[in-house]
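The values are calculated or read from the model by the stated rules, or taken from the named source; none is laboratory data. Computed from a prediction, not measured in an experiment: that's the story for all the values here. In this analysis, Cβ positions are derived from the backbone assuming ideal geometry, glycine residues included, and neighbour counts consider all displayed protein chains. Ligands, DNA and RNA are excluded from the accessible area calculation, which covers all protein heavy atoms including side chains. Shrake-Rupley method; radii C 1.70, N 1.55, O 1.52, S 1.80 Å.
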Amino acid sequence: MGKLNAGLAVVEALKAEGVKAVFGMPGGHTLPIYDGLYKAREIRHILVRHEQSAACMAAAYAQLTGEPGVVCVTAGPGATNLVTGIAEAFVGSLPIVILAGRGPTRTAHKGASQEIAQEQVFRPITKMAIRVDRADSLMEIVRQAFTVARSGKPGPVLVDLPRDILSSDIAFDGYQPVGAPAKGRAAPAGIEAAAAALAKASRPLVVAGGGVVASGAFAELRALAERLNAPVATSLAGRGSFPDDHPLAVGGLGHHRTTLTQHLLPDADVVLGLGCRFEDQETNWSPSYLPNPTATYIQVDIDPEEIGRSVPAAIGLVGDIRWVLKDLLQCLPTDATVTAASAERLRSIASARDALEAQALAMASSDQTPIHPMRVLRAARDVFPRDASVAIDVGVLAQGMGGAFPWFKVFEPRSLIVPSSFYGMGFSASGLPVARMVYPERDALCFVGDGSFQMVSNILPVAVEHRLPVTWCVLNDGALGSILDGQKAAFGGRVIGTTFEVQPDFALLAKACGCHGEQVTQPEMVRPALERARAANARGVPAVIDFVVARERLDASVAFFSKR
């Protein structure tokens with residue numbers, strides 16, 4: 001067996017695992033890995049300007065591909081700067097492998113420069129956080145990191161790498177990756193019970209969450225919905241798993257609830273929850289946002305601990321969603337019976353969809369100033385192609401409108417970068433450039449509020465340097481919108497710390513970083529500005545469009561937050 005520098009061996013493992021990109025910032029503790037990356041031209045290194053962006057970009061990579069994103073950072077502040085993005089990935093079940101440097105083993109526990117117990121910091125927000133204490137265990141730990149990140153309910157893993165171990169020579173005779181994890185199937189008795197309940201349902205409803213995306217169960221979801229004539233609601237993480245222009249698509253839950261789902265969820269006699277959690281932003285922990293207690297709730301999840309966690313499940317199925325749907329389709333009658341009541345329900349859904357579309361068009365055609373945000377959303381949907389990648393950031397405008405059906409429609413699976421229920425501001429905006437790495441030929445855009453964009457605008461030079469031409473649409477209402485709303489509602493209109501008296505000129509900031517940048521204040525200029533941004537992207541230039549918009553609110557948002 002030969003010898004190889006440990007840092008080079010780690011890079012050999014990355015190559016064998018099929019890693020295409022590493023997101024990070026070098027430091028003295030991780031230079032052996034970077035020397036390996038210098039020699040591994042098949043792995044692209046993305047130099048960020050702040051490690052938080054590395055975590056967000058790795059999570060976005062995982063969200064778009066289903067494969068682990070890889071982060072490499074130095075010790076101490078390099079690692080702790082990851083925490084918010086890694087917490088987002090942990091809550092969102094996104095696989096990431098973190099390679100974090102630390103001080104040499106000989107100085108451990110002596111108060112060395114940048115020394116903290118990094119594995120303890122990350123333990124609550126990772127599936128596994130492990131410190132490498134011996135050089136001869138390094139490669140096995142790296143293999144275990146990829147296995148744990150991918151398997152079961154995916155998530156981030158931290159590997160803590162002492163500087164002296166990375167600099168040492170280790171025994172190395174190649175690296176054998178474990179490969180994709182096996183897909184578990186639900187118990188046959190549970191499948192039969194669920195199929196029987198669905199077959200007898202007169203008003204079924206499917207709720208598709210992020211688990212459908214993680215499983216890749218897009219064709220199976222569509223086949224099941226059409227077999228049952230069942231409308232499909234989606235959580236934010238589940239958007240794209242079912243095309244918004246399908247006649248059975250009915251919108252979101254909670255903050256994203258439409259008049260359709262407001263009626264369909266409590267009216268359903270059987271609710272099939274697929275990889276969804278009915279978390280806070282989907283339920284407000286209020287009975288009116290939950291399935292009817294008399295309904296049969298069938299919950300499917302890869303993680304047994306999720307079954308019944310938020311809503312008691314009459315039937316719980318633990319398994320890979322794609323396999324569960326395949327098995328259900330085998331058990332269900334091949335020809336759905338369309339009763340008179342079912343036909344009337346479908347006509348009612350179609351009528352309600354038409355009414356929502358008319359409402360959206362009315363808002364989008366407004367000539368008001370400041371600009372109605374809906375005008376921006378609908379113009380962007382018209383200008384950018386159907387298969388464009390879209391990042392939806394946190395906020396009452398970006399997420400409350402841009403993240404909701406039918407205001408901005410989503411058609412393709414794995415085309416979205418969205419936050420989980422951790423809702424870190426700037427997460428999606430800083431992850432956006434990854435879309436052009438995963439889908440080089442597809443356009444990519446982001447809806448982000450002015451508050452979130454100010455947190456992560458250092459992503460702009462990263463996109464320029466690596467020629468990742470994307471467009472950020474800043475919905476600028478001069479405030480931390482949802483928090484401002486909460487202050488006004490709960491504290492008699494007393495407002496503090498939620499409006500911006502000083503803001504950067506986002507267009508000038510963009511130009512200073514080498515991007516195309518412009519500010520739009522008039523509604524008739526919205527579409528031409530988006531067309532210019534897309535033209536800049538076609539030339540390889542990222543774009544920032546600062547849309548000065550009104551503090552408009554959807555009825556669903558007002559109703560949702562008034563109950564908090």
Length gained, Thr259-Asp303, 0.36 nm per residue minus C-alpha separation, equals 12.7 nm
Per the rule of 0.36 nm per residue minus the C-alpha distance, extending Lys511 to Ser366 adds in nm 49.2 nm
Expressed in nanometres to one decimal, the distance between label points 7 Å along Cα→Cβ at Thr294 and Glu501 is 5.7
Asp269 and Gln176 label points (each 7 Å along its Cα→Cβ direction) are spaced in nm at 5.5
Probe 1.4 Å, all chains present, heavy atoms only: Glu192 accessible area in Å², nearest 10, is 110
Residue-normalised 222 nm signal for the chain, counting each DSSP H run of n ≥ 4 as -39,500 (n - 2.57), nearest 500 deg cm²/dmol, is -11000 deg cm²/dmol
Output row, site Ala535, 7 Å Cα→C-beta label point, backbone N cut-off 19 Å, window the stretch 380-415, residues 380-385
Among the DSSP H helices of the chain, those whose Cα atoms extend at least 27 Å along the helix axis and whose mean Kyte-Doolittle hydropathy is -1.0 or higher are 340-364
Reduced to Cα centres, the span from the stretch 377-405 to the stretch 231-250 in Å works out to 15
For the stretch 69-116, the percent of accessible surface on carbon and sulfur atoms (probe 1.4 angstrom, ligands and nucleic acids excluded) is 57
Highest mean packing first, using Cβ neighbours within 10 angstrom, the peptides 272-279, 326-333 sort as 272-279, 326-333
Looking only at lysines whose Cα falls under 21 Å of Lys488's and that sit 8 or more positions away or on another chain, we get Lys563
Hits in the stretch 16-33: amide N under 11 Å from the 7 Å Cα→Cβ extension of Glu42, namely 16-20
Taking a crude spin-label model, label points 7 Å out from Cα along the C-beta direction, the Lys183 to Val558 distance in nm is 4.5
Result for the chain: accessible area per residue, probe 1.4 angstrom, in square angstrom, of 38
Rounded to the nearest 0.05, FRET efficiency between Gln120 and Arg442 (Cβ-Cβ, R0 56 Å) equals 0.85
1/(1 + (r/R0)^6) with r = Cβ-Cβ of Leu31 and Ala355, R0 = 45 Å, i.e. FRET efficiency to nearest 0.05, evaluates to 0.15
Here the residues of the stretch 256-290 lying in the modelled label zone of His246, meaning backbone nitrogen under 17 Å from a point 7 Å along Cα-to-Cβ, are 261, 271-276
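To the nearest 0.05, how large is the calculated FRET efficiency for Glu524 and Glu140 if R₀ is 41 Å and r is the Cβ-Cβ distance? Show your work: numbers first, answer last.
Numbers: r = 62 Å, r/R0 = 1.52.
Result of the calculation: an efficiency of 0.05.
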In whole angstrom, the spacing between the Cα centers of the stretch 66-90 and the stretch 430-480 equals 19
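Could you order peptides 118-129, 3-14, 345-356 by the average number of other Cβ atoms within 10 Å of their residues, highest first?
Values: 118-129: 19.0, 3-14: 21.6, 345-356: 15.2.
Final packing ranking: 3-14, 118-129, 345-356.
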Restricting to lysines and to Cα separations under 29 Å from Lys127, and discarding same-chain partners fewer than 8 apart, the set is Lys15, Lys20, Lys110, Lys153, Lys183, Lys326
On the accessible surface of the stretch 155-287, probed at 1.4 Å with all protein chains in place, carbon and sulfur together account for a percent value of 53
Counting only residues 5 or more apart in sequence or on a different chain, those whose built amide H sits under 5 Å from that of Ala391 are Ile417, Leu445, Cys446, Phe447
